[in-house]
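Read through the structure below, which is laid out as structure tokens, and then see the notes.
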Amino acid sequence: MNPIVVIPSRLASSRLPDKALADIAGEPMIVHVWRRGVEADIGPVVVACGDRPIADAIDAAGGRALMTDPDLPSGSDRVFAALQEADPKGEHDVVVNLQGDLPAIEPAAVAASLLPLADPAVDIGTLVAETFDPAEGTDPGVTKAALSIQPGARIGRTMWFSHAPISWGDGPLYHHIGLYAYRRPALERYVTLPPSPLELRERLEQLRALEDGMRIDAALVDSVPLGVDTPADLEQIRALMAGES
């Protein structure tokens, strides 16, 4: 595999406006995410920007940023648009979509998203972590994955994703981490598809791929990185990363 990491980012956010530029330990959040991508050491890292101030922040940090149409409908579309400019000859056969709101993600977790692609039948790799908090099972703010995985294995096939509690009965529950490693043809196929019925119902973009017959496998990692969606999340990540600095 010859991966490239693309981080989609824009300033518009209903719950936390301008969060990409929010200061965390003296740097904008998007710069922290870019650093995590670089530290994963799996390939070049590009930030796909919907707004010039994000590009300016990445340029100032020494990274590479590419401007994309701010009106693109999803992060995956933004990743694909940047990919056409960053790699017009198609030299990178795997594209890692690293979400721009994961400033504390472990670089090893970014790299782990590639592990499912060792199986040529897999179109998209992603990450899950087992959750031991019963409240997460019923929390609609947590995306759960129904994972077919053998005892002791670290990679399993995702059968479904939902905000609702899945799977039923005794056994582990899996918290989905929204990071994807696409085979390039899978990404090219995905962005041509219209939003699917169950994607719209669940409000989960990855269901578009499953409904179209694509295979998504997940690597099991040890913990869920804190994502930044609300002012409370931002204060929590600031406290966490202040303690690390």
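Within the range 1-39, the set of residues being over 17 Å from Pro73 (Cα atoms), assigned to a loop (DSSP other than H, G, I, E, B) and among the basic types (Lys, Arg) comprises just one member, Arg15. The numbered conditions (1) modelled with pLDDT of 95 or more; (2) of a type outside the set (A, V, I, L, M); (3) touching a Ser or Thr at 6+ places or on another chain (Cβ under 7 Å) are all true for Asp87 except (3). Residue check: is Asp101 in contact (Cβ under 8 Å) with a residue 24 or more places away in the chain, buried (at least 19 other Cβ atoms within 10 Å of the Cβ), within 30 Å of Asp18 (Cβ to Cβ) and among the charged types (D, E, K, R)? When the stated conditions are applied, Asp101 passes them. Pairing residues of the range 12-39 that are over 16 Å from Met241 (Cα atoms) with residues that are surrounded by fewer than 18 Cβ atoms within 10 Å (Cβ to Cβ) and modelled with pLDDT of 95 or more, at Cβ distances under 6 Å and at least 6 apart in sequence or on separate chains, gives Glu39/Pro107. Once the range 193-234 is narrowed to residues that are free of Cβ contacts under 8 Å to residues at least 12 places away in the same chain and among the aliphatic types (A, V, I, L, M), the residue that is surrounded by the most Cβ atoms within 10 Å (Cβ to Cβ) is Leu200. Between Leu179, Leu234, Leu187, Leu193, the distinction of being at pLDDT 95 or above, in a helix (DSSP H, G or I), among the hydrophobic types (A, V, I, L, M, F, W, C) and more than 18 Å from Phe132 (Cα to Cα) belongs to Leu187 only. Considering the conditions (1) out of contact with any Pro (no Cβ under 9 Å at 6 or more places or on another chain); (2) surrounded by 19 or more Cβ atoms within 10 Å (Cβ to Cβ); (3) aliphatic (A, V, I, L, M), Ala118 is excluded by exactly one of them, (2). Only a single item in (1) surrounded by 19 or more Cβ atoms within 10 Å (Cβ to Cβ); (2) farther than 28 Å from Arg78 by Cβ; (3) not aliphatic (A, V, I, L, M) is not met by Asp123, and it is number (2). The range 56-157 holds strands (runs of 3 or more DSSP E) entirely within its bounds, and those carrying 3 or more residues that are β-branched (Val, Ile, Thr) map to 94-97, 124-131.
The values are calculated or read from the model by the stated rules, or taken from the named source; none is laboratory data. These figures come from a predicted structure and were not determined experimentally. We place every Cβ from the backbone using ideal geometry, glycine too, and count neighbours over all the protein chains shown.
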